[in-house]
Amino acid sequence: MAVTINTLREYKEKGEAFSALTSYDATFAQVVSEAGVDVILIGDSLGMVLQGQSSTLPVTMEHMVYHTSCVAQGNKGSLIMADMPFMSYGTIPDALDNAAELMRAGAHMVKLEGTDWMRDTIEALSERGIPVCAHLGLTPQFVNKFGGYKVQGRSEKAAEAMIEHACELEAAGADVILLECVPAPLAARITQAVRAPVIGIGAGCDTDGQVLVVYDMLGLTTGRKPRFVKDFMAESRSIPEAIAAYAKAVKERTFPAEEHTFKA
Ligand code: KIV
């Protein structure tokens, strides 16, 4: 049966963890969905892992629509979440037009990066039938404001603000919250504070779901490996086996382990 937003809500109610992985083409989408991964994210990380850019900022709507339609062709029942790229949701009319394009290309949900300033945009999208994931914490489109890729929410003040933003965005209509690179205790507090399913990356093992960039978990990404990445290919004989091992490890909550987690 196809995964929907209701499936993710049921997982949260039952306390069952769910998995998400990025994919950017039909072949990976098929392998990922057949391995039992619940959510496929067409991340704007494609700017870095496919295009070789040094950030996600050069990614355009044209790129996202193209890769979303490729993924939709290969998908076998996972929920498809597509990133809205940098500045594609700077105004509400832009957000509506651009989200509609991604939904027409095959997305079931769009993901936006930011904080409480996205409230009205999320409300407008949600009221018009577009499910939204609000991405908080280390939001890579803000790398130039952050001055690098840094763990967020480390001070009590920043942690309180993030909890407040998650609650506000849920109230505005966000169906899913995604937390990137936040201390595990803070991610656990946010997961408890909202009814929406919470997906983590570098956010510890207490979120409702986990996501990774597929090339990272296959050990293909060159350069410095982030702390939260595990190379599942190291113990597998094939890509489908590695992806199935990831989905299983997330379900059994054996991934992420202590060594993949930021404590404070
Ligand atoms: O672009 C992406 O792949 C993402 C994940 C890292 C969550 O946003």
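The values are calculated or read from the model by the stated rules, or taken from the named source; none is laboratory data. The shown structure was predicted, so the numbers you read here are calculated from the model rather than taken from an experiment. Positions of Cβ are generated from backbone atoms using ideal geometry, with glycine treated the same way; all protein chains shown enter the neighbour counts. Side chains are part of the model used for accessible areas, which takes the heavy atoms of the whole protein and leaves out ligands, DNA and RNA. Shrake-Rupley method; radii C 1.70, N 1.55, O 1.52, S 1.80 Å.
Does the stretch 7-19 contain at least one residue that is closer than 25 Å to T207 by Cα, within 14 Å of the ligand (Cβ to nearest atom) and at pLDDT 95 or above? Yes, some residue in the stretch 7-19 is closer than 25 Å to T207 by Cα, within 14 Å of the ligand (Cβ to nearest atom) and at pLDDT 95 or above. Considering (1) open to solvent by 50 Å² or more (accessible area, probe 1.4 Å); (2) over 17 Å from the mean Cα position of the chain (by Cα), the lone condition that L125 does not fulfil carries the number (1).
Could you look through the stretch 227-242, keep only residues that are without any contact (Cβ under 8 Å) to a residue 40 or more places away in the chain, assigned to a loop (DSSP other than H, G, I, E, B) and not β-branched (V, I, T), and pick out the one that is farthest from the ligand (Cβ to nearest atom)? Here the residue is R237.
Rundown of residues vs (1) among the acidic types (D, E); (2) open to solvent by less than 30 Å² (accessible area, probe 1.4 Å); (3) within 28 Å of K145 (Cβ to Cβ); (4) away from the ligand (no atom under 13 Å from the Cβ), yes/no style:
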{"residue": "S33", "(1), (2), (3), (4)": "no, yes, no, yes"}
{"residue": "T56", "(1), (2), (3), (4)": "no, yes, yes, no"}
{"residue": "V59", "(1), (2), (3), (4)": "no, yes, yes, no"}
{"residue": "G74", "(1), (2), (3), (4)": "no, yes, no, yes"}
{"residue": "G77", "(1), (2), (3), (4)": "no, yes, no, yes"}
{"residue": "M87", "(1), (2), (3), (4)": "no, no, yes, yes"}
{"residue": "I92", "(1), (2), (3), (4)": "no, no, yes, yes"}
{"residue": "R104", "(1), (2), (3), (4)": "no, no, no, yes"}
{"residue": "A107", "(1), (2), (3), (4)": "no, yes, yes, yes"}
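Within the stretch 100-121, the set of residues being within 16 Å of the chain's Cα centre (by Cα) and part of a helix (DSSP H, G or I) comprises just one member, L102.
Of the candidates A72, A29, A100, the single residue that is among the small types (G, A, S) and under 22 Å from A124 (Cα atoms) is A100. Looking across the stretch 176-193, the residues that are within 16 Å of the ligand (Cβ to nearest atom) and touching a residue at least 60 places away in the same chain (Cβ under 8 Å) come down to V176, L178, C181, V182. Confirm whether G43 is crowded, with 16+ Cβ neighbours inside 10 Å, within 14 Å of the ligand (Cβ to nearest atom) and closer than 21 Å to L96 by Cα. So G43 passes the test. The number of residues in the stretch 190-215 that are part of a loop (DSSP other than H, G, I, E, B) and either of a type in the set (A, V, I, L, M) or open to solvent by less than 10 Å² (accessible area, probe 1.4 Å) (or both) comes to 8. Every condition in (1) out of contact with any strand residue (DSSP E or B) (no Cβ under 9 Å at 6 or more places or on another chain); (2) within 16 Å of the ligand (Cβ to nearest atom); (3) in a loop (DSSP other than H, G, I, E, B) is met by V143 except one, and the failing one is (3).
Against the numbered list (1) free of Cβ contacts under 8 Å to residues at least 24 places away in the same chain; (2) open to solvent by less than 70 Å² (accessible area, probe 1.4 Å); (3) more than 21 Å from T115 (Cβ to Cβ); (4) among the polar types (S, T, N, Q), T254 comes up short only at (2).
A264: open to solvent by 20 Å² or more (accessible area, probe 1.4 Å), assigned to a loop (DSSP other than H, G, I, E, B) and farther than 25 Å from V32 by Cα, yes or no? Yes, satisfied.
The single condition among (1) surrounded by fewer than 14 Cβ atoms within 10 Å (Cβ to Cβ); (2) more than 25 Å from I243 (Cβ to Cβ) that G52 does not meet is (2). Taking the stated definitions as given, is V37 among the hydrophobic types (A, V, I, L, M, F, W, C), within 15 Å of the ligand (Cβ to nearest atom) and not in a helix (DSSP H, G or I)? Yes, satisfied. From the list L96, L50, L41, the lone residue that is in contact with a helix residue (DSSP H, G or I) (Cβ under 7 Å, 6 or more places away or on another chain) and at pLDDT 95 or above is L96.
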